Amino acid sequence: MNRIDILPNSLESIKSQCPAIELVKEQKDRPLWSVMIPTYNRTKYLERTLKSLLNQALAPEVMQIEVVDNCSTEVDMEAVVKDIGQGRISFYRQPYNVGLTANLTACIQRSRGYLVHILHDDDVVLPGFYQHLQEAFEKEPTIGAAFCRYANIDENDRPVYIPKLEQSTAGIIANWIERIALEPLIQPPALVVKRSVYENIGGFHPELRYTCDWEMCKRIAAHYSVWYEPQILAYYRIHSASATSDVIKSGANVADRRKAIEISHAYLPSPLADQLSHKAEELSAINTLGAARRALSRGDTATTIVQIKEALKCSSSPKIVAALTLVPILAGIERMKQYSYKRAY
């Protein structure tokens, strides 16, 4: 688990913009794993998250487990963690709310293990997660990170979407940077990263909020090999309220994505940086027009207009202009389907 001591200039530049991840001070008796759970005012799903972890947790000397609370105000998170963990889970409370991105970086900074898994407080790990991903690092010590296939679930743990296989067999993904640079393909509960990688490339970028994890995945892939496990071993929770959230209404999610594309351009492979960035912007525009279509099908014209404007800021290529003309047509079809469904029931 060696660090790369000589960094390319592009990585040095990005690293200087991000919080430093210092070496673990006490090297003796370090655990192999650090499972870090960032949380804020969340109790509805936290019990499910922690129990899914405890069901396969390794011994304390092998696996550090800690909840990092971003100064919750609505509930005594420490009492909740103590009740569920029964002494197995440590707890740290931020002295004030440091923001989502800084709290994620704090998770890394507080970790002591060689392998770091950031498990959000509403996500789930399935049996075998730690066993299979540990085996990946044992089989291929040169990798910087490993991730598994995952499923999106709703509030009732029902799978609503399963992403396509990245490859059919477990192993290092060839040319991964050329795929992850285009769009987010990994959700946080599926990813494990060597702590030495974070020490080398820095923490989460402070200028990002909604796409800080995507930018981190790109930064890792630009400098390290990444392993893929095709089994579904994690659940990423999707909340129904997210479709009408203030983030989408304001377009802040799209602006954040554009910023992530801009940041990563500096460390993408130089012959492909422009091409990958332009394609990422176009894909972002297409996804944003999809959000505009869904908003229009709900009759939310204000959000529709915001999302269309943000889409055109991402890209105004002929492909995007053509897709824009289809938004009202597809929204109308979607609205008719929703109406027919309601009539049927």
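The values are calculated or read from the model by the stated rules, or taken from the named source; none is laboratory data. In this text the structure is predicted, and so the values were computed from the model without any measurement. Because the Cβ atoms are built from the backbone with ideal geometry, glycine has one as well, and the counts that use them run over all protein chains shown.
Computed quantities for the displayed model
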read-out	value
Single condition residue 246 does not satisfy, out of (1) in contact with a Phe, Trp or Tyr (Cβ under 6 Å, 6 or more places away or on another chain); (2) loosely packed, with under 14 Cβ neighbours inside 10 Å; (3) not β-branched (Val, Ile, Thr)	(1)
Meets criteria (at positive phi and not assigned by TED's automatic domain parsing to the domain that holds residue 149) for residue 299	yes
Filter pass, residue 248 being β-branched (Val, Ile, Thr), assigned to a helix (DSSP H, G or I), outside the structural domain of residue 134 (by TED's automatic domain parsing) and touching a Leu at 6+ places or on another chain (Cβ under 8 Å)	no
Every residue from the stretch 198-211 that is in contact (Cβ under 8 Å) with a residue 60 or more places away in the chain and either in a loop (DSSP other than H, G, I, E, B) or surrounded by fewer than 22 Cβ atoms within 10 Å (Cβ to Cβ) (or both)	199, 200, 202, 203, 204, 205, 206, 207, 208, 209
Strands (runs of 3 or more DSSP E) fully within the stretch 98-176 counting 2 or more residues that are over 21 Å from residue 224 (Cα atoms)	145-153, 159-161
Set 224, 198, 210, 161: member being of a type in the set (Ser, Thr, Tyr), over 17 Å from the mean Cα position of the chain (by Cα), outside the structural domain of residue 284 (by TED's automatic domain parsing) and at negative phi	224
Residue identified as assigned by TED's automatic domain parsing to the domain that holds residue 202, at pLDDT 95 or above and within 20 Å of the chain's Cα centre (by Cα) among 170, 106	106
Residue match in the stretch 65-83 (condition: farther than 20 Å from residue 203 by Cβ, among the hydrophobic types (A, V, I, L, M, F, W, C), touching a helix residue (DSSP H, G or I) at 6+ places or on another chain (Cβ under 6 Å) and surrounded by 15 or more Cβ atoms within 10 Å (Cβ to Cβ))	no
